[in-house]
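First comes the structure, then the notes that go with it.
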Amino acid sequence: MADHNTTFIIHPGGTLQGPVRVPGDKSISHRAVMLGALADGETEVHGFLEGEDSLATLRAFRAMGVEVEGPRDGHLRIRGAGLDGLRAPPGPLDLGNSGTSMRLLAGILAAQPFDSVLQGDASLSRRPMARITHPLARMGARIETAPGGTPPLRIHGGRRLQGIDYVMPVASAQVKSCLLLAGLYAEGRTCVTEPAPTRDHTERMLASFGCEVLREAGRICVAGGGRLRATAIEVPGDISSAAFFMVGAAITPGAEVCLTGVGINPTRTGVVNILRAMGASLDIENERMAGGEPVGDIRVRASRLRGIVIPRDQVPLAIDEFPALFIAAACAEGETVLQGAAELRVKESDRIQVMADGLRALGVDARPTDDGMVIRGGRLGGGCVDSHGDHRIAMAFAMAGLRADGIIEIRDCANVATSFPGFVELARHAGLQINVMQSGKGSCTRPTSGTAMERSPREHSPPVITPPVITIDGPGGSGKGTVSRLLARRLGWHFLDSGALYRLVALAARHHDVALDDAAGLARLARNLDVRFEEDSDLDDVCIYLDGREVTGALREESCGEAASQVAALAPVREALLDRQRTFCRPPGLVADGRDMGTVVFPHAALKIFLTASAGERARRRYKQLKDKGMDVRLDSLLREIEARDARDRGRRHAPLKPAPDAVHIDTTSLTVEDVVARILALWRERSARASVPV
């Protein structure tokens, strides 16, 4: 999950000029890693996109035993494991925000001898997977999903796949590619018929790796039982990334850019065809072939755009570029109509609704339909837009700032790194007046004259530095609360006891007679908690007040902890408390104690710790703690309660208890509190020394 606090501020008056080199194509980068990993021999990749999505694919194959050198300036050296050489990963494969990684990997993993689990962030966990699991099941795969057919995917190994002849109900390059990759392992021939042309990078690359691919009249076939041979791959610039600059130059008076080395695969050039139909001055120069893909330089000049009815046959060829094209439509004369693009509603966000909301916030007449949008071009005003964590929407509205007559504030932009690392720097170099701010996730704020946001980026305003965070997660009784409090004291940092917030919600529910399964009622309580934390130096403790009454003792009762565990399983409550928890991150730093601090609340923490201890040891610690307070408890009862709470925390659908992939594990069963604190301090000093962060 990305940091919701990243905000783009776009100032009016910018332009775009000069040569621009966009990063490598994300779709080709994914496939280069996958096929290189499955090939015999060593594959070299140049131009690899070092964005979060393609890096997620790379990490997944490394976890399955594939040796990879790099990436280093876009260069990878992959020592292929062969089709039958992958090894069982040590745990679930976390693919972040990358739907391409998940859907294509599912085809490969469906045929492996081992079980595997594919999971992702909150956005990916809402995306539909039945479109791949159903045809894979026809091939003989066994894949379990969450209710509604969404991730995580639990893939059972040891299945023998059979080739099938599949007619796709909806054009999708990801579904097609998933089935073709599964077909490499299947008995017989696997054929996919697509209702409309989609990007064909998989077919092209399979052929370059020596696989025989039959293509005729919208039908693509591969046969199982062959081998892949390593080769060299040259990744061209991503036309989806170039699309933002193409639109930016077309809508901005006096602008002219030349986007060099861009992939112009005919299954991806819908954005070129649509912009030309709208009247854009757009030329493709220096056409050539590189690594089996057509490449060219795209020159775009300022143009007088007109609204059009977008041809349906161009929709699959521009499906990822529509956020940028919607901005072009908003700046065109007349009405632009899009139909047949229902796929946009199940991307990283509902791109039809989110773009319509954003355009209307800027004063544009945008009317969403079930499968598209009607946009009447006109004046673009300033305003605030919520990108809903969708990288393409954030970049599209950044380019809208070139024609707006006021400041545009775009919230929730951290995921831009998933597809376009360096976007801000490249756009700024080309002439877009863009600043990056760190602010809360709440409602949008409009800057007033004289604020830092009014300054041009060319004034080189100092960057906003986020205070460092150390997260300490783990099950109850692992010692994380005591360790976190002591660590914060040693460092002189702030301390967040996230468990106390959930206990406070449970206690407030008791006070206000709200049932523990009333998610909406509990979320309202969570949003409106009247809470105060006060240090008590005499007691060396923190006193906690709810609605003006001290509740420190009540929060520590076992019944309150049990109720808090039930409350914490409810997604609306977790969402309501998310912003409140993040407000604890203040200079000079924060130690955050909980169960999802490193995975959800502070995913970019400087250091993540996961503490654990045996259930028996945790029960003994709790038993001693309660006995010292004069309470009558039974050790066997405490052990059962701890085991039940662990199961509930690990099994809950929303933010389950699990270590972050980059967390340091510490078993505290035989360690003292001082031992644990000393070990974490040593880790922090080592890490901060490498990163030049003050301790």
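A short reminder: the numbers here are calculations on the coordinates, not readings from a lab. Here the structure is a predicted model, which means the values were calculated and not measured. Every residue, glycine as well, gets a Cβ built from its backbone with ideal geometry; the counts of neighbours run over all protein chains shown.
Below is a table of values for the structure above.
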| quantity | calculated |
| --- | --- |
| Between 0 and 90°, nearest 10: helix 52-63 axis offset from the chain longest Cα axis | 70 degrees |
| 3J(HN,Hα) from dihedral phi, the stretch 517-531, Karplus parametrisation 6.51/-1.76/1.60, rounded to Hz, x for glycine, proline | 10, 8, 4, 5, x, 5, 5, 4, 4, 4, 5, 10, 4, 9, 10 |
| Neighbour-count order for SER101, SER688, fewest beta carbons within 10 angstrom listed first | SER688, SER101 |
| Sorted by Cβ neighbour density within 10 Å, fewest at the top, the residues VAL117, VAL247, VAL66 | VAL117, VAL66, VAL247 |
| Helix 480-491 axis, angle to the chain major axis (alpha carbon atoms, nearest 10°) | 80 degrees |
| Computed over the stretch 587-660, the ratio Rg/Rh where both radii use C-alpha atoms and Rh is Kirkwood | 1.07 |
| Nearest 10 degrees, 0 to 90: helix 26-38 Cα axis against the chain principal axis | 80 degrees |
| Order of MET631, MET278, MET64, MET597 - criterion: other Cβ atoms within 10 Å of each residue's Cβ, fewest first | MET631, MET64, MET278, MET597 |
| Qualifying lysines (Cα of each under 19 Å from Cα of LYS624; at least 8 residues distant if same chain) | LYS480 |
| Total charge dipole magnitude, the chain, about the Cα centre, Cβ charges on Lys, Arg, Asp, Glu only, Debye to nearest 20 | 460 debye |
| Equivalent ellipsoid dimensions for the stretch 543-682 as semi-axes, Å, which come from the Cα gyration tensor, largest first | 24, 21, 17 |
| Under-5 Å amide H pairs with ALA660, H placed in peptide plane, nonlocal only | none |
| Hull shadow area, averaged, the chain [alpha-carbon convex hull, nm²] | 31.2 nm² |
| Fraction of alpha-carbon pairs over 25 Å apart in the stretch 66-210 - percent | 27 percent |
